[in-house]
Structures are given as C-alpha cells and as structure tokens.
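One structure coming up, written as structure tokens, with questions to follow.
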Amino acid sequence: MAACQSLPDQPRSTSDRETYTEPSPKEMFGSDQAIAETNPPKDLWERIRRQMTWQKIHNQQVGQARDHYLRQPNYLPVVSERASLYLHYIVEEVEKRDIPIELALLPLVESTLNPFAVSSESAAGLWQIMPATGRWLGLYSDWWYDGRRDLRASTDTALDYLESLHKEFDEDWMLALAAYNAGKGRVGRARRANEKQGLPTDYWSLKLPRETRHYVPRLLALTQIVAFPEAFDVEIPPVANAPAFEIGNTGGQIELARAASLAGIDLNMVQALNPGQLRWATSPETAPELLLPLGSAAAFHAGVAQLTDADRVRWEHYRIESGDNLIRIARKFDTEVELLRQVNDIRGSMIRAGDTLMIPQGSDWATSLAMADRSNDEPTRRGYRVRRGDSLYRIAGRFKISVHDIIAWNSLDPNAYLQPGQRLTLYVSGG
C-alpha cells in the first residue's frame, strides 16, 4: 500500500522524499480569519477551496499526477474559461447533497469541463458517461437529444450514481471513484482477490487497470492545485461565484438560431449552454426549455410569445433507401436539393442507405432564420493558425461558428489542448 502524506508547505519540487507539512490557513487563504468569513467569496475557486479536505492526501501517484498538470500551462486557463459556464451549477448541486466538494472537480478529470467531449469508447459529456451506462441510469437520449451531454441531466445522474457507489463500497469515496471509472464489477473483483490473499482492500492496494490507477490521483492532484495555487506557483483565472444561466421556456420545438435571435445572443452561446441538443432545433420529446445567459430570458420570452405556428419547426424523418438520391428525395417531398444539403449538413451529393434525413415541411422553412443565415452567406474554407491563449471557445466566438464544428472539421481530440502554431481548417461565413 502506498503511504499517504500531507501536502508540502512550499512544494517548488514535488519529490516525494521531502518531509511534508500542511500549509497554514494564512498560506491557503491569505488570512487566518478567511476560513470563518461569512460573506460568500466572489471567486468560485475560493468557494470550492474553503470546503476542501482531500488536499491532505498525498503519495507518489498523486505527486506524479500533479506534475502532469503543472507541466501544462494552458490547462488552468482552459478549464477556467469553461468553468464560467458550467462549474457554478455543479458546485451548487454537490453542496445540496452534502457530499465532498472535490467531486465538483471530477468533470475536470473526465472531460476537461468540455460537454462536447467524446472518448474513443463513446463516453460523452462533462461526466463522460458511456451509452449503455446512460441508458441503465435512465438518461434519455434520441436523435435530437443526448442527456449525457446535458449539463443538468448528466450532473444529476452522475452524482446519483456516485452516491450509490459510495454506499455500495463501504462509504469509501476513493473506491466509489474507482468504480465510477472502471465499473463496480471490476473493483468488486479486485477487492475479493485481495481479501483471499489477506491483503488490504482499499483503493491504493487494489490491482486495477492502468487508467483507473491514474484516475483518483488526478482528482487528488487537482484538489491540491486548487487548494494551494500560490504554493505551486500557478495562477488560476478567477471564475465568478454566480449563476451563469437562467431557464427559457421555448413553448415548443424551436430552431436554435431563432432562439438565439430572440434572446439577443450568439448561436454558439446557445449551443455551449445546451450541448445536449444535438440538432438545429430543440428536441420535441424533452422539456420545452433552453438554458440562456443570465439576463436574456425576458427578451426571449417576449419574442416566443409573438411566434406563430408557421414560425415553429416542422420536420419529417426519412430513412434513406437503396437507390435513393437527393434529387429523387427532394421531388418526393416537394422541396429543394440545396435545402436538403443545408438542413442535413451534406457536402456534395453522397448519401448512404440506412441514414436518416431531416425533411423540412412547408415553404416557410426556406426563409427561416437558420437557413437565411446560411444560404445568403455561404461558408468559406480558411486556414487558421492557433495563437497563444487561444481556446476552442475563443476561436468559435471570434468566427461565429460552433466548438463542435471546429472539432469535427479538424478531427480534434476534445480533451487535447490547442498548441500555438497549430493549423486549423474553418468554414467561416463572410470569407
């Protein structure tokens, strides 16, 4: 079993041969009275920091994980930028359950706080939930919507699951986290194998997959960095300790572009706050809601009240059959080939039998906001060289495109960081 020690006072070097002492409250917060401060902090990281207890856990694995993060200077700016949209909600939900605040940092380990992240094994969202696990846990998904990507739905489900694992594994959070990553069956078998050999059955003593052996130390390492940024000579960009969104009632299915226009915000912001919405319009099967930036819901509701039936989305699904082509399908549904291309994001004329097309119903679709934006200003292919300080969100905002599109166009790993000088291909309206 790896020995666990306290965190170093001034750990400029992370060698585990040092003698460790926990930093004082003054070193942690800048004042001995800060812990007892009753006014809520302005910085969300400070709010998290004041509730931490796991930062005291230290061993060689944690030290190596900490070094891994400290070698990535872009990591904290990237996660802080994403945290401004998502982390406050997660912190509130963790606090409501009275469970360790460190669990609010788990999406940083899972997805780098990227709700669009998809692993090679198809785990998706902030909490990286597998398709089968999502179905088993009751997360709703269909062609329009994926609950694994939805901020509220995935957070609620992930925390429920973690609490159930905590109960199942003798109220040991390290084992619960290992089971969240590797599966409770694998952790259970590892514990039984140790029991047969008379060995300890705690997390640090189990024979687990390599990924799981790194998983818990990474969370603990992040806990230490957030707890003692000055000690590690890092700066964590502040995140407002305030809600980032409010709920807008759509009154029914609505195009995301139209919703953005009614709320007076950019489309990429609607997509960033509603990553569970997979298509150009909201799901007809889920609650008629969209998350909107704080302060924009009043204008949105006023605009929704003025919508007519003709302004609403009207679609038909069509499964492509063998021998079909876009011309034949367009004639069948009395629409235009170019409109089918735009609605289904088809470049060229290649379609595959078995795939599903969205067919816009009614002539009003051709002049809807989403189509007007795209047909009047055909996107142009352009190259872009990543600059220092760039992130996917900043680039998406600058060119009014979506993070998801940048990832798809360039076959990016959502968990990897952009590097200065890296070349990207973008399709940007207006050349």
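The values are calculated or read from the model by the stated rules, or taken from the named source; none is laboratory data. Given the structure is predicted, the values throughout are model-derived calculations rather than measurements. No Cβ is skipped: glycine too gets one built from the backbone with ideal geometry, and neighbour counts run over all protein chains shown. Remember, those area values only see protein heavy atoms, side chains included, never the ligands or the DNA or RNA. Shrake-Rupley method; radii C 1.70, N 1.55, O 1.52, S 1.80 Å.
Going by average Cβ neighbours within 10 Å, how do the peptides 67-77, 100-110 rank, with the highest at the top?
100-110, 67-77
Enumerate the residues in region 89-120 having an amide nitrogen under 16 Å from the point lying 7 Å beyond the Cα of GLU81 toward its Cβ.
Within reach of a label on GLU81: 112-117.
Taking the simple approach of a point 7 Å from Cα along Cα-to-Cβ for both GLU121 and GLN422, what is their distance in nm?
Between GLU121 and GLN422, the label points sit 2.4 nm apart.
Treating the beta-carbon of each Lys and Arg as +1 and of each Asp and Glu as -1, no other charges, what is the dipole magnitude of region 71-133 about its Cα centre, to the nearest 20 debye?
Charge dipole, region 71-133, about its Cα centre: 160 debye, nearest 20.
Quickly work out the LYS400-to-ARG71 label distance, labels modelled 7 Å from Cα along the C-beta direction, and quote it in nm with one decimal.
4.2
What are the ³J(HN,Hα) values, in whole Hz, obtained from phi via the Karplus relation 6.51 cos²θ - 1.76 cosθ + 1.60 with θ = phi - 60°, for each residue of region 294-301 in sequence order, with x given for Gly and Pro?
Running phi through 6.51 cos²θ - 1.76 cosθ + 1.60 with θ = phi - 60° gives 3, x, 9, 5, 4, 5, 4, 5 Hz.
Could you work out how far the C-alpha centroid of region 126-175 sits from that of region 212-239, in angstrom?
Using only Cα atoms to place each centre, the spacing works out to 24 Å.
Work from the charge dipole of region 142-185 (Cβ charges, +1 for Lys and Arg, -1 for Asp and Glu, about the Cα centre) and give the residue of SER164, GLY147, LEU177 farthest towards its positive end.
Checking the options against the dipole of region 142-185, the answer is GLY147.
Quick check: pseudo-label points 7 Å beyond the Cα along Cα→Cβ at ASP156 and ALA305, how many nm apart are they?
Going by the 7 Å Cα→Cβ label model, 2.8 nm.
Moving to a separate point now. May I ask you to derive the FRET efficiency for HIS317 and ALA353 from their Cβ-Cβ distance with R0 = 25 Å, giving the value to the nearest 0.05?
Efficiency computed from Cβ-Cβ geometry: 0.95.
Could you work out how much longer the chain between ARG388 and ARG97 gets when fully extended? Use 0.36 nm per residue separation minus the Cα distance between them, nm to one decimal.
Fully extending the segment from ARG388 to ARG97 adds 100.8 nm.
Right, another one. At 1.4 Å probe size, with every protein chain present, just tell me what the per residue accessible area of region 200-306 comes to in Å².
Result: 41 Å² of accessible area for each residue.
Could you sort 152-158, 421-427, 52-58 so that the peptide with the highest average Cβ count within 10 Å comes first and the rest follow in order?
Sorting 152-158, 421-427, 52-58 by mean packing, highest first, produces 152-158, 52-58, 421-427.
Using R₀ = 41 Å, calculate the FRET efficiency as 1/(1 + (r/R₀)^6) where r is the Cβ-Cβ separation of GLU338 and LEU412; round to 0.05.
So, using R0 = 41 Å, E works out to roughly 0.90.
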